[in-house]
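Structure record follows, encoded as structure tokens.
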């Protein structure tokens, strides 16, 4: 089965455009039935020069259940902007219509794979495993009765990530990265060195979702009218392996990323002080990673830990016990703390993501 490097919207747009070249392409429910590999795999979408706010041009194909307000929220824009970009006179939209949206939030690509039903599988379990709804999975496979799936059946599923699934092998300090995914430029962040921005699919997904979370959070948007892009440093090189001067960064699970600052956009990792640190945004970013339950640990300078910890307690961001459980400060002797001190991390956070569950040779 062919694999597609498009967002779901672009995939559907491609189906519409290439319909005559398919053996069969029927529109139903939330998707399409594809009876042979797409011939539009190499199709390109228009990509104008990035705008001043680093928005990303997206061609969104309206799906059943879509609303203009829902589409606007998804891409971090306003309903008025979507209407203006597409010259809409009302909020009424129709299935299969293409809408141009300039997203201010990182958008993840999806790939289509085939899942073989195993004994004991349920449609709900398969949908949850692939982060889909039962309705989406049923529509994608023209299943009318969810109880009538049987072992050996082939189901089409949509999975976030590029054409080939990645694999982390070995340790972060002595390992390699197979089919690593390169982080692409997008809204909300600045990539310091693109040739050293390869990670596992899971690393890239979690990174983008954590950044996007800040731009979607309604409370934060009231506090910060504009959020400057965060600087992303080294992840891994293509193929992984040694990456001097780093001791780790070898199998796509380590990410160096800057802090958020009060004095605007940065293009490099800069020294953090008590005065220039944006406590609200940095805390929100770290807290989202803590809540994801996908991080082994994070390295943050002890002084930055102290400033953040004291601020979070004062602002009552969580219980004191909870806050103290994630920071190694003040004792620096808690090996179980998720946020640890390591010299040299005043200008960036070092995130170590856990081994992907399917990567059995990662530890």
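Side notes on the structure shown:
- First in the range 269-286 and farther than 12 Å from residue 311 by Cβ, second anywhere and modelled with pLDDT of 95 or more and in a helix (DSSP H, G or I), Cβ under 6 Å, 6 or more apart: 272/304
- Taken as a whole, the range 256-272 holds at least one residue that is modelled with pLDDT of 95 or more and within 18 Å of residue 355 (Cα to Cα).
- Restricting attention to the range 342-354 and to residues that are assigned to a loop (DSSP other than H, G, I, E, B) and modelled with pLDDT of 95 or more, the residue that is farthest from residue 255 (Cα to Cα) turns out to be 346.
- Test for residue 33: is it farther than 27 Å from residue 204 by Cα, buried (at least 17 other Cβ atoms within 10 Å of the Cβ) and at pLDDT below 80: yes
- Condition broken by residue 162, with the remaining ones in (1) out of contact with any strand residue (DSSP E or B) (no Cβ under 7 Å at 6 or more places or on another chain); (2) under 30 Å from residue 199 (Cα atoms) satisfied: (1)
- Residue count for the range 173-188, restricted to those that are in a strand (DSSP E or B) and surrounded by fewer than 21 Cβ atoms within 10 Å (Cβ to Cβ): 3
- Every pair of residues 6+ apart whose Cβ atoms lie under 8 Å, when the first sits in the range 199-220 and is farther than 17 Å from residue 77 by Cα while the second is in a helix (DSSP H, G or I): 199/207; 206/289; 206/292; 210/285; 210/288; 210/289; 210/292
- Elements of type strands (runs of 3 or more DSSP E) contained in the range 212-299, each with 1 or more residues being closer than 19 Å to residue 323 by Cα and more than 18 Å from the chain's Cα centre (by Cα): 295-299
- Of all residues in the range 314-331, those satisfying the criterion of being over 18 Å from residue 282 (Cβ atoms) and either assigned to a loop (DSSP other than H, G, I, E, B) or in contact (Cβ under 8 Å) with a residue 60 or more places away in the chain (or both) are 319, 330, 331.
- Residue check for residue 250: touching a strand residue (DSSP E or B) at 6+ places or on another chain (Cβ under 7 Å), more than 24 Å from residue 57 (Cα to Cα) and in contact (Cβ under 8 Å) with a residue 40 or more places away in the chain: yes
The values are calculated or read from the model by the stated rules, or taken from the named source; none is laboratory data. Keep in mind that this is a model prediction, so the values were computed, not measured. Note that each Cβ is placed from the backbone with ideal geometry, even for glycine, and that neighbours are counted across all protein chains shown.
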